[in-house]
Each structure stands twice: as structure tokens, then as C-alpha cells.
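Every number in this text was worked out from the coordinates using simple rules, so none of it is lab data. Fair warning: this is a prediction, and the values are worked out from it, not measured in the lab. For neighbour counting, all protein chains shown are included, and Cβ atoms are generated from backbone atoms with ideal geometry for every residue, glycine included.
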Amino acid sequence: MAGPQLIADPAPVDGALPHSVLDGAEERMLSVYLHVPFCRVRCGYCDFNTYTATELRGAKQSDYASEAAAEVAFAGDVLRATGLPDRQASTVFFGGGTPTLLPAADLIRMLSAVRDSIGLAPGAEITTEANPDSVDADYLSALADAGFTRVSFGMQSAVPHVLATLERTHDPDRVPLVVDWARRAGLQVSVDLIYGTPGESLEDWSRSVDAALATGPDHLSAYSLIVEAGTKLARQIKSGLVAQPDEDLQADMYEMVDARLEAAGFSWYEVSNWAKSSEFRSMHNLAYWRSQDWWGIGPGAHSHIGGVRWWNVKHPAAYAGRMSEGLSPGAGRETLSAETRELERILLLARTRDGIPISTLASEARVAVAGLIADDLVNAEAALRGRVELSLRGRLLADAVVRRLTV
Amino acid sequence: MGQWGVSPFPPIKIPEERVSPKAVKALEPAATDPSFIRNFCIIAHIDHGKSTLADRMLGVTGAVADRDMRAQYLDRMDIERERGITIKSQAVRMPWALDGQTYALNMIDTPGHVDFTYEVSRSLAACEGAILLVDAAQGIEAQTLANLYLAMENDLEIIPVLNKIDLPAADPDKYAKEIANLIGGSPDDVLKVSGKTGVGVEELLDRVVERIPHPVGNPDAPARAMIFDSVYDTYRGVITYVRMIDGHLSPRERIQMMSTRAVHELLEIGVSSPEPSPTQGLGVGEVGYLITGVKDVRQSKVGDTVTTALKPSTEALPGYTDPKPMVFSGLYPIDGSDYPVLRDALDKLKLSDASLNYEPETSVALGFGFRCGFLGLLHLEIVTERLEREFNLDLIATAPSVTYEVTTDDKKVVTVTNPSEFPGGKISSVEEPMVKVGILAPKDYVGTIMELCQGRRGTLLGMEYFGEDRVELRYTMPLGEIVFDFFDHLKSRTQGYASLDYEPSGSQTADLVKVDILLQGEQVDAFSAIVHREKAYAYGLLMTERLKKLIPRQQFEVPIQAAIGARIIARESVRAMRKDVLAKCYGGDISRKRKLLEKQKEGKKRMKMVGRVEVPQEAFIAALSGETETKEKK
């Protein structure tokens, strides 16, 4: 993954966690993220840790489910050895890459490993991301039968030229079909959209939003396209082949999707996420924003347990090697100071509808709230009720708000 | 090489006596008969080969042995050697023999630039003759012309010389004619030499002896020596270069500076040949150096008269003035924490540069810095470059300004060297300094030069053809119009062929106003400028457009205005930023997101605040330097 290099400690080979993670563990929920680092082709904008068949250097896609299952078992052992309270997973999320590139049986096998080694809480939310062209009705039924509760489809756009720029290969007409199959299988459905793709007009975006709503989802995510360094798209922009995304247009698009979704009965609960009602919010995503505990399984996956963050080796071959030797796949980790945890808490909670309780803010930050209200970045009524909740303008300027709250 | 370059005055080193291959025995300093002394300088344009010719003379006369020779021997500072220009002059005593008689030739090096006219005039006053050195491929240039006039006014004997005759592009016949037209005489009188190969150099030395008059003075009168240069040396303190007019100076004598009456003990007296060599003193007509142990060149000012404390002269030599700064600019460290380094650096430079002056200044936009006065633009450039190079500073300079005399309606007169000092309220008149400008260029460029000068409020004084194809244009112009970017424009409009010279020429009343630049209603002091009323709008437009491109979008709209007093004359705005949020959390990679936030916060810390507006330092620098236009042109 591109981005700033983290200066961190090496992760211990036995994965042992310090006792500090025990503080407040009773109040935190546990989640499991399972990364599936495979794609049929790499999309031009993507900088996620994923590999196509030719990039695997000997790692086998077919061996992956058992390697991941091994890490799940390892996780269960470490959590118990640390003396953490016995917490079953409240949410499980399969992300990628393209999880649905694996046979349904592989995903089910990994989920079983979680059930066996960590346990699944009653009513646990179990989601997989899915590519519209890599699932069919049987596949989705199999997942539902095995305990999956939710599927998130990478729709991105309904407009062919936008999908082409993104290098997404699916047929947009297939999206309503797969959503329908998922519903019939009894799964909650979310669709993901991307806005601000070079060449995408406000009209194109409007079409995509309408098409997404027409499929009747329970949940919708809309992410602005971010040009990540090192991607093919970044190179195309640098060489002038593709236009730089326009941030003003992206702001217009955000305002449009928010208005359209609110009109359709959805409410935002995180800057990029809307749900038909609060029961359809993604509890897994909220776990991240609320600084809960989660264990990330798989190459390059990130974990957080009680102020300790670590991340796994990135390449599937390196990962397979670690798992075969029974070693922790951790590549590096950092133990957050109290100040850093507080910074993260504000940074993450600020993005959510529930916001930050003002009573939990330091006095400088409380003073800053008045200025944020004056600048229409924070909702005044919510502030009077004791919470920092971003206004529509504030959601678009969330990073600026966070900077002002954490000076 | 150290901060101050290699000292030519190492503590212990007695140079061996050197004798010209043609001289039987060098004449003893301190006891040389004035009739065997020749004092001369070389007048030349940058790049016309003065230093190379001087080096060649040192070699031919045996003053410097071949093994000690280094290119441009006389240019001491790094910066001089690199730019091929001479900032500080020196003097060298060389032996030379003609028809069986040995002579002492004192070659006095002169600064070659327009900003140092006063120093040039003092160097010329120390000589009886001058070599007019002209590049045989380029012909005479404006600065050379100005210095030539100065030399002729001082009644110096001029020896015209064409240099670089070895170059394929040399056209000695054409330029010999040009020179003959200028100074009179026949083109055949113009010597043709090559400093590079040595051709004609011996003949030139012979001619110096034949043509240049020997110095005349009264050996029995109280001592009078004129200071024509004064340099700071790390080991020895100030080295003062003098030309003896009357009387005699001896070692251990107490000397007096006639302008200040300050008395110093003469620790060492000697001649440079070219290494410093102590002597038993200096007599009439001789040129040499004095060391008194003072540490600041301000105590040994160019043009001042040195006499003895015991038997002082009552009449100082004519021509002494205190050169006044003509151009002012604020110098600020880009990193605010470098302010003490800048202060120490200026204090050090001051020791070797009597014409540099400065005082602390604070700018809202740029922080703490110094308002500095310079003799001219090159002086500004050289000082800035030395500060950056020798003291490892990154500096930003505000737009150069000149001195205005502003009279308010209530008859108060305010001297303004910084636009921020411009009085508010009713102004009855503003006086601005004027200069006489000489521009030499191929005749094809006359139209474009005239257009440029008229655009800068110039008045044509005259136009003269030199030779077949070159023209000198003479203008009077406000100095303020030249200090900004006149020279750059002149060079670019004439493909680099034009050369420029200017000299102060009184002042005039003009309709000048101060234009302020405001960001969201807050004045940005570094961008205020005093301009002619007719140009106020253009300046306002230029700066507001520049800033619009440079100021990052904020959470609110930022109006950028140009104003004269309370009246807005131009307006732009930076639209509010609408999106500043990273959409994703990268699959739980919170650390990455936090690092991005921390990086953003770091970036914000480096911003300067103008009211509520965050402005990156680079934006100030770019706006002051005009980078935005340059980029667009590319």
C-alpha cells in the first residue's frame, strides 16, 4: 500500500500483546477482518494490497483459506494468552481484493474458523464485499446458508465510460440482478459508489445514484475517487492522458448524493456512508470509527487491540511462509501513546453522525467548537445537546475540522 | 575554502624578492624616485578579459612565478572568481625595464560595475593613466564608457587596447575605429593583445612606461595618502590601500584619518607584489597598504586622506564623500529561526563592506529581518548571494525600493525608504531620485529600448552612433523605475546585447502613490509599493492576480484587493475550499490516516497567518519574485 511509511517497532514473532491492552477491554467489542488479496485484474485507481494471478510468486489462491484459518486460530490463542476477556466477534468482514474470487466454500471455511477459534456473538454482522460479475444466485445462497448476513457490492458507477476509466469490468446491467439474488437469499445489501472519476459529469453521477437507489439497497457508501501515488491512474494524470479530479465537482457530487439519499429515506451515519435505518448501519465500519478491537487476518491486514496497532507482511507468498512456520505474520506494530489514542479518537469519531461528546473534549477543543459552529462546520443544535456533529459543509471539510479540534 | 576565503595575509610569510626578467633590479619601495613610477588602472567591462590580462602582466613581469599562478590571481573572493567580476580592488607593484632603466608599475584594480562608481572614481584618482581594455569581438560597453568618461575627467592618459584578438569572432579593425572615434587619435594607436596567449602584453607594458606620466608630489610636505580601497582580512583586520600624494609614511608611525581625526598606530606598511611585502615606508607617488589593527572598514573609508599624527596636513585631498545607499530592500530568513544567524552575518559583512547598512525590521508576512541599504542593484545581489553562500542562509528579499522625500499637507517632510513609512493622509508632494542612464546596444534594438524606457517614465537626452552599428541612448529616468526589473527586461528585449550604466542625477517631483495589497481586508506589508499613479492599477492587477494563483483555498472566500489609501483599485478572490476530507479508512489502516493528518498539521504550522488567512511562505516568495509569470511563459 502506498502512503507515508510508518516508523514502527518490529512485531514479535509470537504475536504476544502487552498487558496494557487489557485496560477497558470489557467495554470494547471485538471484530474480525479477513483480507482476500486476489483480483482477476487490477483496477487503475486501486492501491489496495491485492494481486493478480501473475503477481503471486508461488503463493496459491487455493491454499489461502487454510492459511487464513491458521491465522484465525493463532489469533484466538494470542487473545486468550493475553488474558483478554472472552469476547465473541460482533462483526466479521471479508474485504479485498475480491473475496468472491474464491469459491464460496473457501469463505465459509474461513468464517467457520472464526466461529471455532474466536466465536461469533449472537446476531453478529457478517459481511463480504462482492464484485457483481463474480457471484451468482447459488453463490450468494451458499453464503447466507453458512451465516453471512450482509453483502456489499462494488457497483462504483452505472455509466459505462466511468466504469471504463476506473477499469471496472462488470456489466452495469448485472447489478440489479445480483442485488435481487442477494435479497432473495436473505442478505442485507449495500452498494458502493465512487464519484469524481475523471470525465464523470454531474449528470453521469446523478444516473449512477438513481441506478443504485433503484436496486433497493439497505445501505449505500459513496467514496470520492482519490488518486493514490503509484497507481496507474496517477501516472495517467501525470502524463496528461486523464484529467485531474476536480474537488469542487466532487463537492457538488457529494451534496447531490446526500440530498438524493436523504430524500429516499436514508440517513448519513458516517461521512461516506448512509443507511435506510440505524439497524442497517455497518457495525463493522463503526467499530473502526469507534476505536474498538479488531483482528485483521491476511496479507497486509491491519489490527487494533487496546491501543496496539500492527500490520501483516504484505505479499501473499511471505504471508504463506509465516503461517507455514507457525509464526505471527506481523510485519510491524506501534503502541499508541495516550495522546495519540486521543487524537485518533477525535479523528475517527468526528466522521460519525453520533459524533464526539463535547464533555470528552479538552478545553482548547471545546473553545474551538464555537468557531466551528460560527463557520457552519458543526451542527449548532447537536452542539447544544452536547455533541460535535458535522454539518453538511463540515462533512466535506472534515479534515479541517479535525485539525481545528486537535491543535 | 573557508568562510572568508584564503587570507592573502597569512601571519608569517616573507615573500622572496622577485625580479622581472627584463629588470636588472627591482626598485626599492619607500625610496623610489617618482619619475620611475607609473600608476595605472584597467578600465574594462565584465568578461572583457581584465583579470586574464592582469594575470598575464604578473607573469611577464615576474611578479608571480609560473608555479604560483592561478587563474584570476587578483580576484580574491570565491564569488568574484566565479562570476568573473571584481568587487574589491587591489593594487600590485610590478617591476619593468625599458631602455636599461627599471620602473615600478603599480596596477590598481578597479571594480567594474555601475554600483561602485564612487570606488571607481577613487581608484582612478590614484592613477595617472588607464588602459582602456575592450573585447575585440564585442566592442565597448556602457559601463566601460561611463568609467572612461570618469577617467578622462580625471585627466588620465588613456592607452586603448583591444583584447582577445585570438578569438575567431574578433574584429579588431572595426572596434579600433570605434575606439578612435571615441577618444580621438588614429585606429593604429590601438594596441592589439591577447591576455590568453600573451601576444602584445610586453609591448603594452612598454607603452605604459612611455605614455603614462609619472606621479608628482612634494616629498617634504606633511604626509598625505589617499585611501582608494579598504578590505577586511580575518587575520590582520582592515587592510587599507593608499596612494601617497605628498610626504612619506614610515612603519610604527602614528597616523591620522583626516575625516574622523582618529589616530592609529601603523603596525605594518608595505606593497603588494602581489603578495604583501612589508617595506620601510611609502614615498611620493607610491602605492601600497597600511595595517593598523582596526577591525571595521568604516574606520578606514575610501576617499579619506591619511596623514601623520605628529605632523598632520591641514588640507585633506579633494573628492571624499560618504557614499549613500540608493536602493533598499528587506532581507528575511526563510526559516525564522535563522534570524540571529542573519544578524551575525550582516555584522561580519559590514566589517568588509563600508557601504552596507541595515537595521532590524519586522514584517507581518515575513517575520523578523533587516532593512538594508545598498549602493545599487548589483550590490544588493552580491550581498544577498554572499549571505546565502558564506553563511548558509536561505533569504527572501522584498522588492527593492529607493528613497522618497514625502511632504505632507501640514508641511512635514518624511524620508521614506520603505513603503510602510509612506505617510497616510494628504500628501502635498513626493520627490523621487533620478538617474542618468546610458544604454549601449546594436542599432536594431533602438525602437524596443525606447519603448521600454518611455514605459519607465524615461526622458530621452540624446542618441549617438558608435562605429557602424552601435548606438548609445541617454535617458533621465526615476531610479525607482530601474531598480525593479528594468535590467532583466532590457536584456531580454535585446537578446542580451544591451549594456546599461546609470549615475545619480538629482530628484524630481512626481505623482507617486502607495499601493497596498490586502488579504481579506488585512494589509500585507511586504507587497506595498510606491508607484506612479498611472501605474498603480497595473501593479495592483499584477499582484492580485499573482496572489490569486498562489494562495491556497481556505475554508472561506478570501478577497485579494489592491488599494490606494481606502480606495480599492483591483480585486480578485480565492474561492472557498469546499472539500477537505479523505473518504476512506483504508481497510482499518488508521495509522496511515493519522500520519496524513499529522502531516497536514505540520504543513499548517509552516503557514504564515495574515488575519485568518493561512499563506505558505513559498507564496510570498513566489509573489515577490514574479515566479508565476515566468512559469507561464515556459
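What the table shows:
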| item | result |
| --- | --- |
| Cα-projected label distance for B:Thr408 with A:Ser112, points at 7 Å along beta-carbon direction, nm | 9.3 |
| Around B:Tyr537: net Lys/Arg minus Asp/Glu count, Cβ-Cβ under 13 Å | +2 |
| Prolate/oblate/rounded call for chain B, Cα gyration tensor, a/c under 1.5 rounded | prolate |
| Rough spin-label spacing in nm, given labels placed 7 Å along Cα→Cβ, for B:Val341 and A:Asp77 | 5.5 |
| Fraction of antiparallel bridges per DSSP, the protein assembly as shown only, in percent to nearest 5 | 70 |
| Percentage of interatomic Cα-Cα distances in the protein assembly as shown larger than 45 Å | 53 |
| Calculated FRET efficiency for the pair B:Arg575/B:Thr234, C-beta based, R₀ 60 Å, to 0.05 | 0.60 |
| Surrounding net charge for A:Phe153, when Lys and Arg each add one and Asp and Glu each subtract one, Cβ distance under 15 Å | -3 |
| Chain A: proportion of alpha-carbon pairs further apart than 26 angstrom, % | 56 |
| Antiparallel %, DSSP beta bridges [both residues in chain B], to 5 | 85 |
| Two-site FRET efficiency, B:Arg252 against B:Phe36, from Cβ-Cβ distance with R₀ of 22 Å, rounded to 0.05 | 0.25 |
| Kirkwood-based shape ratio for the stretch A:337-406, expressed as Rg/Rh from alpha carbons | 0.92 |
| Kirkwood estimate for the stretch B:216-332, i.e. one over the average of 1/r between Cα atoms, Å | 14.5 |
| Rounded FRET efficiency, nearest 0.05, which uses the C-beta distance separating A:Ser277 from A:Asp171 and R0 of 35 Å | 0.70 |
| The stretch A:272-351: GluC sites (Glu not before Pro) in DSSP coil with no more than 11 other Cβ atoms inside 10 Å | A:Glu325 |
| Sum of side-chain charges, B:Pro423 neighbourhood, beta-carbon under 14 Å (Lys, Arg +1; Asp, Glu -1) | -2 |
| Whether the stretch B:315-438 is rounded, prolate or oblate, judged on the alpha carbon gyration tensor where a/c under 1.5 counts as rounded | oblate |
| B:Ala309 paired with B:Ile564, simple spin-label distance in nm, labels 7 Å along Cα-to-beta-carbon | 5.9 |
| 21 Å tail of the calculated P(r), the stretch A:1-74, as % of Cα pairs | 53 |
| Considering only the stretch A:1-336, percent of DSSP beta bridges that pair antiparallel, nearest 5 | 35 |
